[in-house]
Structure formats: structure tokens, C-alpha cells
Amino acid sequence: RPPEDEEEEVEVGWQEKLFSQFEVDLYLKESACQTPLDWQYHEEIQKLEKAGGRKNCRIFTYTDHDRFTNLEELCQKVTDSDHEVPSYLVERMANVRRRRQDRRPVEASSLKTKIITWEPSEEFIKNNHVINTPVQTMYIMGDLGPYGKLGHREYENVLCTIKVDGNGVITVKPDFTGTKGAYRIELDGEKREVWEYTIENASAQVKPEEEEREQRVFRDLYGRHRDYLSGLVGSDFEMPLPGTLRLFMNGEIVSAQGYEYDNLYVHFFLELPNQWSSSPFQQLSGVTQTCATKTVGWENVAYFCYPFTVELFYTQEDEGVFVSFLPQWPVLYFEVLSLDFWQRYRVEGYGSLVLPASPGVHMLTIPTWRPVELGTVAEMRRFFIGGSPELEDLTYIRIPSTFKGKHLSRFGFRTETTGSVTFRLYCLQQSKAFLEKNALRQHMQSVLDRLGGFSQQSSVYNVLEAFQRARRRMQEARESLPQDLINTSASTV
């Protein structure tokens, strides 16, 4: 350091070029100028020398056109380890120029005729398989060399990196200091010098008139974009009739785990209660593919990833009639079976799933069971020749559809717990009753209100949850009290 503290303050504009001492010494020589940019810098430096030299001392910049910007992007590392090996993706990304991409718009006719490119070129792969957002970069540098020895590349350090992508997002790294302390740079030289610097936003504040004009332009742009999207989507939507709920579900049988035998498959069907219906072409049953299991942890898991789609309609008979019960929801019945090398199948388990009443994504794991017979003969028959006790009616898993009594007895029916099946369900609900909240408040006893909001059922659940929380707090308070106090109060009572 010089005898007195050295301090420098520079105000830098976007893509404003401030030359370093190294660049001044380099571009003053005509032999070092090769590209048109080099000759431009040569002329600018000559004008600076005639005007008395550069005003900045240690702080200078590299703009988007300089060689340093390209080399810096290629040499960036994820960690500060000296033994870091770039991955395949990093090597591929290093060959992609992400600035000022002059991409020609593809015509609609050629897009329709060339859906698949059978022989893609290297440039085509770079432009389509990598995030290719145009970016402009600028580096604010600092020459932290010893006093009186400026212009050495080994003493150049990046103070701030500014990037602006094609979407208008400005990235400043590191951030403006503000109320935080100054950034520190420690050099590894003999004296281990420590440099501190701050970064402040010196841009002029936007005037209220200009800000209001900008907001109007944004509102106009967003309005036109909304109209454009509305024109693409259209308004020809099939709305359900009044008093009707449409339930659309994209389901997936994800996996089955914990079963005794291998090569599993799932047979399922959907039972519709009263007032539920579906289109004539809707399939309400299906069978997955046979899937071999693999060991995951302590269980054998078969991954099906079998998708299915269901569209159902609930129709209320009379909205004016008070209904004192919640409507029944469709039930998904399923059975898991196994198939061996000799084409013998065995029943591995039965289960049922009530479709979720709330829209959204639901991840459900349903345990299963299977009927068994007493004795070793039944198990030997199951092992050697296949086959096992089966249900003639799968609805017996819950309450059979043919049962009309008040009490269902399963006395003497022996079962055994088996594995479980995982489902992923994406549910959508559509109804005109969802459009007007006031109408929903006025018709709180309607079935559609219970379908949409489940106000009565949710209130009951809230009361039960509050009771359980209060009971847990009482138990925790009782456990925290001394035992002698509890015994004394009990004896007193």
C-alpha cells in the first residue's frame, strides 16, 4: 500500500468500456491488433492518451464483446476444489454461445412437415437440447497489483458480474452491499493484502410520470396477451347442466409391494353408486401388464406406472329437497394376482379405494388382504398347482352391491394381510355451483354444496380435531405434573 490509504470510486454504465493498464499497453501496439474490435480499441486508447490518459486507475470493465467474457464463461467452476472434473453436460454447455443468437423463425409449413429430424446436425443439437436464452454479460474488474506495478493479468480480480438475459432479467453478482459490510478480497502474495469494496446502485430513480406510462404499457401488453391466449383456447367449453357435477380423474397405478410371489398384475373396476353415471364409451375396468418385482429395501416392489382416465357425472334429483346424508362417492375395487412360469395364477390380495372428494393430487397406499383356508393342504395346493380361495363378487371387499339388510356378518370368514398398492390420482371437479359463492352460501343444504365445499363434513372434522388437540394438551399437562401431586389430588377426591 502507498503511505496513505488508496481509495477509488467509479460510476460505471451498462456495457461501458473502461480500459485497464494492461489493455492500454497492449492495444497501443498496432501489431497486437487483429480484429475490428482491436482496431476500435486502438483508436479509442489513442484518443484517451491525447486527452491526458485514462481517468480510472484500478477499476476497469470487460464488456460483452471482449475475449475475457468468453473465456470466463468457459472456465467457470461449480466448486472451489482444484480437483474438480467437469461433467459431460458442462463440457457440452461450454461449446454453446448463449449471446446474440440470430435464430430465424420457423415457418408453419416447414414445422408441420418436419416433425422429426432423422439426421440432426451438431448445431441443431446444441440449439435444441440446451437452454439457449440469449445473455449479455459485463464484468467489473479490479487491478489489485502492488502499488506502481499495474497492468499484470495475474492481479486482475472480478469485482462484480452483471448479466441481462433475453427476458429482461438483470442479475448482479455479488449483490449491492446496501446496509451490509464491504466485500473483502485477500491476496495470496507475500504481504497478504486485504482489499475492501462496495457496490451501490447509482441509477437515476424513475419519475412518477414515466412509471405510470410504463404501467400503462404493461397493462396494454398483458391485455393483448390475454386476448391472444383466449383466442387460442376459445370459449366453446362443454359446461355441465345445473345440478350436475363432473368429476374428471387421471389415475395411475404406481406400484405394488410386499407380496409373496413374483410377476404381479392388477385387475380393477369402478363401481358407481346411485345418481352417478358415465358416458357409454367410458371404460370402468382394466388390467395392468404383468410386472416382475425387484428388491427395494426389505420389500419386493413391482412398478406398474399404469395410467387410466375416468370421467363421471353426479346428477342431483331435486335441489329443493333437503338431503340429510352426504352423497356416496364411486369406489375403485381391485385385486392383485401373480402369474408364474407354468401360467398358474394366484390371488395375492383384495382392496378398495373410495375416490377422493377433494380436487387435486392424491398419493394413496391401500393395504390388501386375501382369504385363506386352515391347514397345510391349502397352502401346498396354492404352492404346487396354483389357485386359492377367491371372491365371486369383488364388492364383498366392502359392502356387497346385492346386500339390502342392516347388518352384514363376516363371522367365520378368515383372511390374511398381504402387501399394498400405491395409487396416484389427479382429480378435477366442474360444476356451475362453484361459480357463485353467494349461491353456495344460500343453499348450504344442497348436495352440490357438500360436493364442492363439504361445509358440514369439514365442520365436524374441525370439531373432532380441536377435541383431539385439547385432549393431547391435557395429557401432556398431566404427564408434566409431579406424581405425588397427582396421587394427592386423586386421594382427596
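The values are calculated or read from the model by the stated rules, or taken from the named source; none is laboratory data. These figures come from a predicted structure and were not determined experimentally. When we count neighbours, we look across all protein chains shown, and the Cβ atoms used for this are built from the backbone with ideal geometry, even at glycine. When the accessible area is computed, the model is the full protein with side chains, heavy atoms only, and any ligands, DNA or RNA have been set aside. Shrake-Rupley method; radii C 1.70, N 1.55, O 1.52, S 1.80 Å.
Miscellaneous remarks
- Residue check for Val354: under 22 Å from Leu391 (Cβ atoms) and at pLDDT 90 or above: yes
- Test: residue in the stretch 181-199 that is open to solvent by 70 Å² or more (accessible area, probe 1.4 Å) and aromatic (Phe, Trp, Tyr): no
- Check on Arg98, modelled with pLDDT under 65, closer than 30 Å to Gln34 by Cβ and exposed (fewer than 10 other Cβ atoms within 10 Å of the Cβ): no
- On inspection, Gln483 fails the criterion of being surrounded by fewer than 11 Cβ atoms within 10 Å (Cβ to Cβ), polar (S, T, N, Q), at pLDDT 80 or above and more than 30 Å from Ile366 (Cα to Cα).
- Residues of the stretch 281-308 that turn out to be touching a residue at least 40 places away in the same chain (Cβ under 8 Å) and either in a loop (DSSP other than H, G, I, E, B) or within 23 Å of Asn250 (Cα to Cα) (or both), as a count: 9
- Per-region count, the stretch 237-259, residues crowded, with 16+ Cβ neighbours inside 10 Å and either among the basic types (Lys, Arg) or over 18 Å from Thr309 (Cβ atoms) (or both): 8
- Whether a residue is in contact (Cβ under 8 Å) with a residue 60 or more places away in the chain and either open to solvent by less than 40 Å² (accessible area, probe 1.4 Å) or not assigned by the TED database to the domain that holds Tyr265 (or both) was assessed, and Ala378 does not pass this test.
- Selection over the stretch 121-149 of residues that are among the β-branched types (Val, Ile, Thr), at pLDDT 75 or above and under 22 Å from Lys173 (Cβ atoms) gives a count of 3.
- Qualifying residue in the stretch 29-45 (condition: open to solvent by 70 Å² or more (accessible area, probe 1.4 Å) and aliphatic (A, V, I, L, M)): no
- Among the residues of the stretch 322-338, those that are modelled with pLDDT of 85 or more and either assigned to a loop (DSSP other than H, G, I, E, B) or basic (Lys, Arg) (or both) comprise Trp329, Pro330.
- Residue within the stretch 191-203 that is out of contact with any strand residue (DSSP E or B) (no Cβ under 9 Å at 6 or more places or on another chain), at pLDDT below 85 and closer than 30 Å to Met141 by Cβ present: yes
- Residue selected from the stretch 139-180 under the condition touching a residue at least 60 places away in the same chain (Cβ under 8 Å) and either aromatic (Phe, Trp, Tyr) or assigned to a loop (DSSP other than H, G, I, E, B) (or both), by the criterion most open to solvent (accessible area, probe 1.4 Å): Tyr147
- Whichever residue in the stretch 289-307 is under 17 Å from Gly419 (Cα atoms) and in contact with a strand residue (DSSP E or B) (Cβ under 6 Å, 6 or more places away or on another chain) and, among such residues, is surrounded by the fewest Cβ atoms within 10 Å (Cβ to Cβ): Glu299
- With respect to (1) in a loop (DSSP other than H, G, I, E, B); (2) more than 23 Å from Leu272 (Cα to Cα); (3) not β-branched (Val, Ile, Thr), the lone exception for Glu416 is condition (1).
- The condition of being touching a residue at least 24 places away in the same chain (Cβ under 8 Å), surrounded by fewer than 11 Cβ atoms within 10 Å (Cβ to Cβ) and more than 34 Å from the chain's Cα centre (by Cα) holds for only one of Ile397, Ile385, that being Ile385.
- In this structure, Leu270 does not satisfy being part of a loop (DSSP other than H, G, I, E, B) and aliphatic (A, V, I, L, M).
- Filter result (under 46 Å from the mean Cα position of the chain (by Cα) and either part of a loop (DSSP other than H, G, I, E, B) or farther than 20 Å from Val331 by Cα (or both)) within the stretch 368-382: Pro371, Val372, Arg382
- Subset tally (residues that are among the aliphatic types (A, V, I, L, M) and outside any helix (DSSP H, G or I)) for the stretch 18-74: 4
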